[in-house]
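Below is one structure, written out as structure tokens; the observations come after it.
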Amino acid sequence: MSESAAPTAPGPEPARSATLARRLNWRGRPVPPAVVWLSAALVLVLVAWASVTWINAALGAEKCDDPVVLEVAAAPAIAPALGELAGSGAAGSCAEVRVSARDSAGYAEILANPPPGTLPQVWVPESTFWLGRAQARGAFTLPASGTSIATTPVVVALTEPAARNLGWPQRPVPWSDLLGTQGATLPIGIPDPAADPVGVAGLVGVQAATAKRPDAGPAESLVLRRLTQYVVPRAADLYLKLPEAGGGAGSLPAFFTSEQALLRHNARGGAATSLVASYPGETVPTLDFPYVVLPGTQKAEVTAATTFLDRLLRPDARDQLQKAGFRDPDGTPPTTKDPSPSASRVSTEPIAPVAMPTEDELVQVLSRWTGVQLSARILAVIDVSGSMNERTPNGQTRLSLMMQAGQEGVGLLLDATELGIWVFSTRMEGDRDYQVLVPTGPLSDQRSRIIGTLGGIKAKSDGDTGLYDTTLAAYQEARRTWMPGRINIVLIATDGKNDDDNSIGRAQLIGELQKLADPRRPLPILFMGLGDGIDVNELNEISRAVDGRVYVAQQPGDIRAIFFSALSDFGCQPPSCRK
């Protein structure tokens, strides 16, 4: 192209164009404007790329060829707060954290029986309780504990009227008031202890509140029996029993819950019923929200999980969890910068965490709960031989103490429980050593009759102890009328050993009992021995033939405790439970 044919469109100045052409070795040829602009753009791209490369190198940025996705299954109470903390970089620059709310009871079952597919790598249940439950159900490789990222104590939530009746706000309301004499008639809701750690904490609290009473066994059973009337599946369900939820006649003035849930409820304001927290003593377990990396998690995911845990333990993360109503892992309470009317409703004192019971202890706690819940079929056989008229150190006869314990026990049994009363000595009716006072039947139909009958039983002054014949006859009758779905028991109270010359022998009795025993239909004999005239070895030998047990009352006050312990011990029987 000749110079005379140069385009007239605007372009670079002649001198500047010539210089640029020489640098590009175009030997004086004119440079098209498009080439100039493309060259400039290329220079800018190269400079930008070099800058980014230098910055990344300077900052040590990672190249995410295979980014990690960390799935966290968390209890619904804490999942929202964890979700807010799971932002960019929470588990490292090459990891993304996804938090999902998962019911702990349901997830424990999933871990015990995992479905096909990928499961979350981290689990944060409300309590270490769920780790033990999952292990017991078959998740044997699951860790027994985790790192607590937050805590919250279990409290009893009280409506304002209920709290004021118990002395609030002039003083805090302790659990001993609620579970003792002052609060004996106050309905208290509880989540199913077999399915909610809040319920377990409640049972431990009941035991602690009644342990120092002289009648600890009956007192505990009385409170537990009262709680059975107000059981719900989950702690959250109890908030549906508040007046604003339309509970009506079914509304509850008190229930077990966590401090965090109570705080969240009170923060709603509006028409919500403001609740007051009643705190337990030092023995009641707290919810500890353990952070657990699950078995089978890959190395990169373990690294991400560890990084996210470190993030959750930082001061700013703890502040975030406190805003959601949680305490620190050491029990430090949420800080309140702007006091509100609800501030006096909860404690601002530190509460040291308390561990859940061990698995063995938990079985015992739940067995006592089961013992007062399940209906029983009991044939009670009472010794009325002459020695039952002997007086105890407190001045009462053995028989009168036994009858008082029996009357109290009958008052605590469920209406659906079936109970029969026999008495025995020798020659009660002709040559027969026993007498049927009340045939076995539902307490709903004959509770008053039985209580009255027990109050009128007298000892036979010239009677001996026809133990063997009576034991066999009672067992035969209980076996004949055995009922599924109940605790079937033969309860025999005696202060002596067999001294009926005309009865069967011990070996013959044991042989007959072994023939009648049926592991598929458990029917234990519970001997309650009174005084020093019994032969413990004899009673043990007889009871073992039918997987029974012997209880010995060393002191008069032991009689009542033995009665309730017996029912609790046999609240779960083979094959469901192994003795």
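I need the semi-axes of the equivalent ellipsoid of the range 318-441: take the C-alpha gyration tensor, multiply each eigenvalue by 5, square-root it, list largest first in whole angstrom. Before the final figure, lay out the partial values.
Working: eigenvalues 623, 62, 41 Å².
Gyration-tensor ellipsoid for the range 318-441: 56, 18, 14 Å.
I'd like the Kirkwood hydrodynamic radius of the range 154-285, using the inverse of the mean 1/r over distinct C-alpha pairs, in Å. Kindly include the intermediate steps, with their values, before the conclusion.
Numbers: mean 1/r = 0.0680 Å⁻¹.
Roughly 14.7 Å, rounded to one decimal.
Give the average over all directions of the projected area of the C-alpha convex hull of the range 71-128, one decimal, in nm².
Numbers: hull surface 17.2 nm².
Quarter of the Cα hull surface area: 4.3 nm².
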Here the tail fraction of P(r) beyond 28 Å, over all Cα-Cα pairs of the range 374-569, rounds in percent to 18
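Let a ≥ b ≥ c be the square roots of the eigenvalues of the Cα gyration tensor of the range 416-476; is it rounded (a/c under 1.5), or, if not, prolate (a/b larger than b/c) or oblate? Walk me through the numbers before you get to the answer.
Values: a/c = 3.10, a/b = 1.60, b/c = 1.94.
Oblate, since a/c reaches 1.5 and b/c is not below a/b.
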Kirkwood-type radius of the range 54-155, with distances r between different C-alpha atoms, in Å = 15.4
Round to a whole angstrom and tell me the spacing of the C-alpha centers of the range 267-288 and the range 421-447.
-> 50
Straight-line reach check, residue 497, cutoff 13 Å on alpha carbons, 8 or more apart in-chain or any other chain, hits among aspartates and glutamates -> 383, 464, 469, 532, 535, 538, 541
Considering the range 301-385, what Rg and Dmax in Å follow from its alpha-carbon atoms?
-> 23.4, 75
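Bear in mind these aren't lab numbers, they're just calculated from the coordinates by the rules spelled out. Quick caveat: nothing in here was measured; it's all calculated off a predicted structure.
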